[in-house]
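These notes concern the structure reproduced below.
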């Protein structure tokens, strides 16, 4: 079984190093692409497994390019090998500081191959770790049963979005939703069926909101929908769409199982909502009111008007 050779990008204005590199690396394991110093190098670097930089007559330019190639946003870019002369010493020391693998000229072919392979292996391990960390972060923010965000992540986003709404004088709305008589579902159909209902409800909620909105399982059979940049009227529209969609679900093996939900809605800005905790509390009070009034309905916090006051800017 043959494997495809790694593609390396050689950045060298003079092209004087290419013959030596070609002899050392060979076509069996490495394919070489040659380019000079220019604005296209970062784009080309994203298409290869490793970048080899030759300082040439402009070590300062090489260091400036190297800094652009080393990502500082938490992503894992291609590894970079710098072929540097022994002098000036500060050039290759700075390249080391920036995170490149440095080989001092004159170098031997077997040393170059060993350094390149080590850089590729380290890069592979970093990519694997980055993928694992990303998956762990996703799992830590996800409810295992329903696949939507969990309570902890919801609380974090609630605080973040409330700070953003305050800072930019923007709107933020919250819907709390509780399934009606859900204990009867578990008692009559079993907990496995109840879990299936929760998954179907979570899917319906995600279909009923925008990508920028956040759906979370708040606890048990209760869900939260956080609506950034959404005034109260918009939140009411979303809540009614969700209520109708849940009411229309036909669940269970024979489609005879159906659920309804009670929803409480609150919104910022409002004189009684001065913190994320108050936004949550007023939505919870509205949810309690919806339960008290007979379920399968939407209620607002008692001190909230049905429509927000008109903006002085006409927006």
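The values are calculated or read from the model by the stated rules, or taken from the named source; none is laboratory data. All of these numbers come straight from a predicted model, not from anything done at the bench. Ideal geometry is used to build each Cβ from the backbone, glycine not excepted, and the neighbour counts take in all protein chains shown.
Overview of results
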read-out	value
The lone exception for residue 282 - which of (1) more than 20 Å from residue 213 (Cα to Cα); (2) surrounded by 15 or more Cβ atoms within 10 Å (Cβ to Cβ); (3) free of Cβ contacts under 8 Å to residues at least 24 places away in the same chain it fails	(1)
Which numbered condition residue 211 fails, given (1) buried (at least 16 other Cβ atoms within 10 Å of the Cβ); (2) under 29 Å from the mean Cα position of the chain (by Cα); (3) in a loop (DSSP other than H, G, I, E, B)	(1)
Test: residue 171 is touching a helix residue (DSSP H, G or I) at 6+ places or on another chain (Cβ under 8 Å), at pLDDT below 85 and within 30 Å of residue 211 (Cα to Cα)	no
Failed item in (1) outside the structural domain of residue 287 (by TED's automatic domain parsing); (2) part of a helix (DSSP H, G or I), with residue 146 passing the rest	(2)
Failed criterion for residue 145 (all others in (1) in contact with a helix residue (DSSP H, G or I) (Cβ under 8 Å, 6 or more places away or on another chain); (2) surrounded by 15 or more Cβ atoms within 10 Å (Cβ to Cβ) hold)	(2)
Residues satisfying the stated conditions in segment 102-132, i.e. touching a helix residue (DSSP H, G or I) at 6+ places or on another chain (Cβ under 6 Å) and either loosely packed, with under 13 Cβ neighbours inside 10 Å or in a strand (DSSP E or B) (or both)	102, 103
Failed item, numbered, when residue 78 is tested on (1) buried (at least 16 other Cβ atoms within 10 Å of the Cβ); (2) not in a loop (DSSP other than H, G, I, E, B)	(2)
Pairs with Cβ under 7 Å, 6+ apart, first in segment 8-20 and in the same structural domain as residue 46 (by TED's automatic domain parsing), second modelled with pLDDT under 75 and surrounded by 13 or more Cβ atoms within 10 Å (Cβ to Cβ)	12/56; 13/56; 14/56
Tally, over segment 53-69, of residues that are at pLDDT 85 or above and not in a helix (DSSP H, G or I)	1
Given (1) modelled with pLDDT of 85 or more; (2) not assigned by TED's automatic domain parsing to the domain that holds residue 101, index of the condition residue 43 fails	(2)
Enumeration of residues in segment 227-285 that are in a loop (DSSP other than H, G, I, E, B) and within 27 Å of the chain's Cα centre (by Cα)	229, 230, 231, 275
Segment 86-101 - residue that is loosely packed, with under 14 Cβ neighbours inside 10 Å and in contact with a strand residue (DSSP E or B) (Cβ under 6 Å, 6 or more places away or on another chain) and, of those, modelled with the lowest pLDDT	86
Output for segment 167-198, where each listed residue is in contact (Cβ under 8 Å) with a residue 12 or more places away in the chain, more than 12 Å from residue 226 (Cα to Cα) and surrounded by 15 or more Cβ atoms within 10 Å (Cβ to Cβ)	170, 178, 179, 180, 182, 185, 189, 193, 194, 196, 197, 198
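Conditions tested, residue by residue: (1) surrounded by fewer than 13 Cβ atoms within 10 Å (Cβ to Cβ); (2) at pLDDT below 80; (3) assigned to a strand (DSSP E or B).
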position: 2; (1), (2), (3): yes, yes, no
position: 10; (1), (2), (3): no, no, yes
position: 13; (1), (2), (3): no, yes, no
position: 23; (1), (2), (3): yes, no, no
position: 28; (1), (2), (3): yes, yes, no
position: 34; (1), (2), (3): no, no, yes
position: 37; (1), (2), (3): no, no, no
position: 47; (1), (2), (3): yes, no, no
position: 51; (1), (2), (3): no, no, yes
